[in-house]
Each structure stands twice: as structure tokens, then as C-alpha cells.
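None of the figures in this text is laboratory data; all of them are computed from the coordinates on show. None of the values given here were measured: they were computed from a predicted structure. For neighbour counting, all protein chains shown are included, and Cβ atoms are generated from backbone atoms with ideal geometry for every residue, glycine included.
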Amino acid sequence: MSAAPPGAHDPDLLLQIDDLTVGFPTDDGLVQAVRGVSYELRRGESLGIVGESGSGKSVTSLAVMGLLPQTAKITGSAKVHGREVLGLSDAAISKIRGNDIAMIFQDPLTSLNPAFTVGFQLAEAVLVHREVTKKEAHKRAVELLDLVGIPFPEQRAHAYPHELSGGMRQRVVIAIAMANNPSIIIADEPTTALDVTVQAQVMESLQAARRETGAALILITHDLGVIAGHVDRVNVMYAGMLVESGTVDDIFYSPRMPYSLGLLGSLPRMDEARHERLTPILGTPPSLVNMPPGCPFAPRCPMAEDLCREQEPELRPVDGGPHAAACHFSDRLEGASPADLFKAPTLDADLIADLEEQQ
Amino acid sequence: MTTTSAPTGTGTVLSARNLVKHFPVRSKGLIKRKIGEVHAVCDVSLDLRERETLGLVGESGCGKSTTARLLLSLIPVTSGEVHYQGKSLTTLSRAEMRPVRRDLQIVFQDPFASLDPRMTVSEIIAEPLRIHGLYNDGGRNKVRDLLQVVGLNPEHGNRYPHEFSGGQRQRIGVARALALRPKVMVLDEPVSALDVSIQAGVINLFEELQEELDLSYLFVSHDLSVVRHIADRVAVMYLGKIIEEGTTEQLFAAAAHPYTQALISAIPLPDPRKERTRQRILVTGDVPSPVNPPSGCRFRTRCPKFANQLTDSDKQRCINEEPVLTDRGHGHNSACHYAEALKLV
């Protein structure tokens with residue numbers, strides 16, 4: 001792990017993750033939460049990371065922020081502005097955290113300190129990284145509250161977190177994240193705990209924060225709808241790996257990995273004619289302890305063949321472009337719709353008859 | 001609808017008239033004096049028909065789960081009536097209620113909290129059969145069949161809930177609810193805790209069970225896209241009141257209440273091109289406290305129409321006069337003085 005020579009670094013390349021792996025030792029063995037993830041984030045870009053619970057989407061960014069527990073086994077490299085951040089001491093990474101990269105978590109009530117006013121916590125974020133007076137920091141705090149759309153920012157700066165609603169608190173967290181004009185904002189499920197109308201408001205604040213700071217965004221979520229509206233590029237994660245990566249249009253209109261296609265088919269859609277049945281992906285994600293060889297999606301994949309069970313596919317470009325998929329047979333998926341591949345299982349009619357009889 | 005007579009319309013299984021539920025707010029300290037009331041449900045009337053799925057949607061705290069519990073008499077009503085097959089449930093004693101419970105079952109949101117961790121799956125599913133004295137008559141086989149019907153391996157009956165994933169646990173909850181062959185199932189956010197790929201399988205299971213077993217569902221959810229997929233009719237709640245109801249087609253093709261419009265337009269669509277170009281109706285602020293709801297129309301404090309389109313004299317009506325749920329044709333009811341249908345998806 002050596003830092004890149006300063007002269008060779010591309011200034012627009014903000015974050016460079018290379019072959020990152022994260023493992024957690026447990027009584028049952030090593031849980032391989034992230035198994036070799038590489039991606040880049042460039043200035044001003046917005047990148048979405050989608051995946052289900054346990055796919056490793058949050059752990060990747062926690063590793064970059066140096067927020068994983070000491071017991072975690074991390075290998076690979078993560079560079080912020082060309083500088084390696086993995087293995088940095090807590091004091092060194094604290095200079096980057098909140099300054100170059102800021103993070104927004106799912107639950108705003110646990111990320112704010114209940115004992116201090118929100119104005120104080122905002123000012124604190126400014127004071128840690130800037131040489132300003134307390135008065136100036138407070139002024140900046142009020143400015144930031146106004147920017148994220150909080151009404152009466154002067155008064156609200158004196159409020160404690162419990163006095164604010166969930167949506168308001170999440171906007172305070174966004175204001176703290178943008179306090180030092182970071183170049184990267186990582187938002188980890190920022191609206192999952194919120195109602196839809198409030199979600200729309202919070203996403204609006206996040207966009208305002210980006211317009212103001214020009215920061216690049218990494219949006220981590222399980223909600224494909226939120227992804228569709230707010231990012232340029234998408235990484236799909238499954239079992240600790242990137243399984244597909246491309247522009248938002250690539251992923252939504254021509255997915256080349258059966259998992260991405262299956263996710264789209266599982267969604268009830270408001271914008272299309274009502275289908276008879278959704279097409280779910282059968283089975284459950286694999287356990288991340290002692291992963292079997294082969295493609296991790298193979299047990300759930302309707303087009304899996306012997307090759308899939310033997311050899312794990314790598315993320316390879318499709319159509320020559322930046323669109324890439326980790327599937328041995330991604331070329332077969334050109335123009336496929338979810339219903340071509342996944343079938344809605346039906347109930348066993350005999351069983352139902354049995355049940356009826358017993359009554 | 002404000003009729004107070006017991007409904008006699010054919011095909012209605014479960015109906016509620018003018019349901020009201022107030023929860024006391026108590027002071028701190030020893031005495032715990034009552035200092036106010038949360039108006040959780042205010043004058044809600046609903047009809048659930050045979051073999052129908054009625055979606056009840058709204059944001060957190062709007063009273064949708066409380067309404068569901070009132071319908072099953074799981075909590076006492078403050079006032080109002082619930083009728084099941086012509087019988088009034090609100091006046092029944094616990095003993096009188098028990099046989100009715102066979103027909104009315106519920107599936108809860110959290111598949112982790114709703115299953116006893118110290119019982120095996122077979123015991124969990126057998127429990128309702130035992131309570132109603134039906135287990136001795138081939139109960140073991142019934143439990144095996146139930147497990148298979150909900151898509152679980154009957155060999156796994158002697159395992160404990162923690163050995164199953166979230167989706168599988170929700171299926172166990174469904175099997176338990178099905179054990180007594182109910183006629184009505186209340187599904188309280190049954191798929192909200194599940195990942196998308198798992199959620200789709202559970203939704204399909206509900207649909208198939210309904211077709212095969214002629215069930216009626218009250219589907220309580222905050223997720224409009226799921227509700228649109230599964231429901232035949234939809235009722236939208238805001239701050240303890242139903243503000244719009246109609247068939248799923250009516251509601252989604254021509255939402256008339258500004259709140260319904262805002263809800264529909266706030267749901268992100270998994271389609272980047274549509275998402276970039278669609279019309280958005282944003283509401284401002286948060287849901288007001290149900291302890292002290294606004295006068296007149298309860299939605300006016302957040303209503304984009306009230307804020308941007310109405311003249312001051314129009315607004316007076318919203319402030320002073322509470323809009324009632326009125327039929328705007330073909331059973332599509334909405335409670336807004338200035339309702340106007342809009343197509344948003």
C-alpha cells in the first residue's frame with residue numbers, strides 16, 4: 001500500500017477503490033462481507049450503489065471512512081485524492097473525514113447528539129476543520145440550515161434533535177455533511193426511515209447540498225426508485241461483489257446480469273399496467289461464511305450452467321462500453337425482460353384441495 | 001359515508017361505521033393525570049367485500065394500523081361500530097368474540113417480533129388449532145400442509161424461528177394466520193421489512209391464497225406501488241381520517257385529493273427517463289400532531305393547493321369547514337373542497 005506519486009494523480013479522480021476486501025472473524029469462521037470491490041468516483045459525479053441487506057454495500061464505504069471495528073480484516077486499497085486512506089491512524093483519517101468526505105447515515109436520531117442543540121453540532125463540524133471564531137461558525141450553521149430548507153433557521157439552530165421531526169433531523173445531518181464543502185458525500189440509505197412525502201423533501205435537500213458544494217455523491221440504497229431519479233452511474237452489489245456496473249440507463253433498460261434483471265422484475269410498478277404476478281428471485285442470498293466456488297448467484301439463477309457453479313465470473317465490459325457485468329452468459333441477456341428468465345411459481349393445487357377438505 | 005345503520009349490502013364481509021379511537025396523553029410523575037388525547041382514528045367508515053383486497057394507505061401516524069386493530073376488536077373502540085357478517089363485534093365479550101376470531105386473522109409487519117422464539121415452527125402454527133380445539137383432529141398433518149402451502153419445507157417444522165430468513169418467517173406468520181381457515185385477513189405492512197426480491201414472492205403468495213381460498217384482505221401499507229399491485233380498492237388516510245377512496249384504477253388514474261396526488265408523485269419510479277421528466281407535487285412540512293389537529297381541513301397546513309392556488313376567500317372555507325368524504329362518481333370519494341382529478345402515473 002503505497003501512495004501514488006503526487007505528480008501523476010488526476011485531480012478529477014476523487015476516490016479510487018481497488019480490490020477492496022473486508023472480512024469479519026466470527027465463531028463460525030471469517031464472514032467475507034466485501035470480496036474484491038474496485039470502482040472510481042470522479043468530480044461532480046453521482047454514483048448509486050444498490051444491493052440487498054448483507055450485500056456489502058455499506059461496509060465498502062465504512063471501510064473508506066475508517067469506521068469499521070478494529071477486528072475487521074481489510075485488504076486492498078482506497079485512495080482519496082490519490083492518497084491511501086486504508087490503514088491511516090485515527091488522527092490522520094479524522095482530518096479527511098468530515099472535510100474531504102462526509103457521510104450521512106440512515107437513522108438521524110442516532111447520528112445526532114441528543115445533549116446539544118443542532119446549531120452547536122453544526123458549528124462544531126465547522127470549528128473542527130476551519131480556523132474561525134465561534135460566532136462565525138454559528139453564522140455558517142444558520143446559513144447551512146437555511147440551505148437545506150429548514151424554515152426559521154435562526155430559531156431552529158437552538159433546537160435539540162428530539163424537538164425536530166425525522167425529516168428535519170435528516171436535513172440537519174445533511175447540513176453537517178456539507179459544512180466543510182466536502183468533495184464527496186456518501187449517503188447510506190438516507191431516506192429509508194422516512195415517509196415518502198418527507199423522503200422527497202430530504203432528497204431535494206441533498207440535491208441542494210450538492211449544487212452548493214459541487215460534491216460528488218455516493219448514494220447507497222436498496223430502493224431502485226430512488227436510484228433511478230438521483231444518480232448518473234450505478235453499481236449493483238451481490239454477496240460482497242460488484243456484479244454489474246453502468247450508467248443508470250444501462251442498468252434499468254438493458255441489464256446484463258440476471259440478478260439486476262431479477263430485481264427489476266420483483267418490483268411492483270406504479271407506472272405500468274398491472275401484471276398478474278411479479279417474478280421474484282427464488283431462494284435467498286448465500287451465507288458469506290465459507291462461500292462455495294462459482295458464481296454466488298448461481299443457486300438462484302434460472303440460467304445457471306455447470307460453468308457457473310465452478311468458476312466465479314469477473315466483472316467484464318459488455319458492448320465494449322463502460323457498462324460491465326459479472327456473468328458468464330451476459331451476452332444472452334441482450335434485450336431480455338425479467339419474465340423471460342424468472343417465472344412466478346404457483347401454488348400446488350392438490351395441497352390447497354387437501355386443506356379445503358380438512359375443514 | 002356517514003350512514004349509521006348496519007350495512008346490509010350483499011358481499012360485504014366486514015364493515016366499520018364511524019370508528020373513533022382516542023388514546024389518552026398522561027402527565028409525567030406519580031399521578032399521571034390525563035392532559036390530552038391523541039385522536040388516532042376519527043370517524044372512519046370502511047367496507048370490506050368478499051374476495052376483495054382493500055388497501056389502506058397513509059404515512060406513519062395516520063392511524064391505519066389502529067384502524068386495522070379496531071376492525072379486529074384487538075383494542076376497544078372509543079365509539080363507532082364494527083360488523084362482521086351482520087353481527088356487531090363491538091358489544092361482544094371476549095368469550096363471545098372467540099369463535100369469531102377463527103374467521104378474522106392478522107399478519108404483522110415484523111416477522112422477528114411476531115413469532116415466539118422459544119416455540120418451534122410447528123408449535124407456532126399449531127397454537128391457533130389447539131386454542132380452538134381442532135388440533136386433535138389430524139392437526140399434525142394440517143401443520144405440514146400449511147407449511148407446504150406457504151412454500152416452506154414441512155421437514156423444517158421442528159426448527160426455531162431464528163433459523164429462518166425474514167421472508168421465510170413472514171411465511172410462517174401467514175401459515176399461522178391460515179391455520180383456522182379465516183375468511184378475512186388483515187395484513188399490517190406484511191412486506192415492508194423484506195428485501196425486494198423476497199417481497200415479490202410473499203406478495204405472490206398472498207394473491208394466490210386469495211384466489212384459492214376466497215379470502216378478503218385488508219392490506220395496510222405505506223407503499224403505494226405495492227398497494228396498487230395487490231389491491232382492488234384503496235382508502236387513503238391522513239391524520240385519522242379517510243380522505244380519498246375508490247377503486248385502484250380510479251385512485252391512481254385520477255387522484256382528486258391533493259394529499260393523494262402528493263403521495264403518488266412522491267413515490268420514486270424505477271425508470272430513469274420517467275423519473276427525470278415527471279410532474280412532482282411536493283408537500284411542505286411534516287404531519288401535524290394528532291393531539292391537536294388543525295381546524296377545518298386537516299391537510300391544509302401542508303396542502304400545496306392551499307398554499308399556491310387558492311385565493312384568501314377560498315382558503316377561509318378550508319380553515320373553517322371540514323370537508324366531508326363526497327362521492328365524485330362511481331364510488332370514488334374524496335374529502336376536499338376543491339378536489340380536481342389529476343393523472344400522475
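Look at the stretch B:271-280: the mean tally of other chain Cβ atoms within 10 Å of its residues' Cβ atoms is 5. Rounded to the nearest Hz, the phi-derived 3J(HN,Hα) couplings of the range A:116-124 under the Karplus curve 6.51 cos²θ - 1.76 cosθ + 1.60 (θ = phi - 60°) are 10, 5, 5, x, 4, 5, 5, 4, 4, where x marks glycine and proline.
Here, the range B:254-345 has an Rg and a Dmax of 14.3, 42 Å when only alpha carbons are counted.
When chain A is treated as a GNM with alpha-carbon contacts under 10 Å, the residue of A:Ala273, A:Ala216, A:Ala179 showing the greatest mean-square fluctuation is A:Ala273.
Only lysine pairs 8 or more places apart, or on different chains, with alpha-carbon atoms under 16 angstrom apart are counted in chain B, and they number 8.
Across peptide A:229-237, the mean count of Cβ atoms from other chains lying within 10 Å of each residue's own Cβ comes to 2. Based on C-alpha pairs under 8 angstrom that are at least 6 apart in sequence, the range B:254-345 has a relative contact order of 40 percent.
Taking Cα atoms only, the orientation of helix A:349-358 departs from the longest principal axis of chain A by about 90 degrees.
Normalised by the number of residues in chain A, the average gap of Cα pairs under 8 Å and 6 or more apart makes the relative contact order 18 percent.
In this structure the amide hydrogen of A:Glu244, modeled in the peptide plane, comes within under 5 Å of the amide hydrogens of A:Val236, A:Ala326, none closer than 5 places in sequence on its chain. Restricting the range A:208-272 to GluC sites (Glu not before Pro) that sit in a DSSP loop and have at most 16 other Cβ atoms within 10 Å of their own Cβ leaves A:Glu272.
Rounded to the nearest 10 degrees, the angle from helix B:121-131 to the longest Cα principal axis of chain B is 80 degrees.
Per residue, the average separation of C-alpha pairs within less than 8 Å and at least 6 apart gives chain B a relative contact order of 19 percent. Of the residues A:Leu144, A:Leu264, A:Leu278, the one that moves most in a GNM of chain A with alpha-carbon contacts below 10 Å is A:Leu278.
Each part gets one Cα centre, and for the range B:68-94 versus the range A:153-232 those centres are 43 Å apart. On C-alpha positions alone, give me the angle between the axis of helix B:166-178 and the longest principal axis of chain B, in degrees, nearest 10. Taking the Cα atoms of chain B, the angle to B:166-178 is about 80 degrees.
For the residues B:Thr277, B:Thr12, B:Thr248, a GNM of chain B with alpha-carbon springs under 10 Å puts the largest fluctuation on B:Thr277. Does the protein assembly as shown classify as rounded, prolate or oblate by the C-alpha gyration tensor (a ≥ b ≥ c root eigenvalues; a/c under 1.5 gives rounded; else a/b over b/c gives prolate, otherwise oblate)? Cα axes put the protein assembly as shown in the oblate bin.
Take every residue in peptide B:135-146, count the Cβ atoms of other chains within 10 Å of its Cβ, and give the average of those counts.
Partner-chain Cβ atoms within 10 Å, mean over residues of B:135-146: 2.
Cross-link reach is defined here as a Cα-Cα straight distance under 23 Å, omitting same-chain residues fewer than 8 places apart; for A:Lys57 the lysines meeting it are A:Lys73, A:Lys79.
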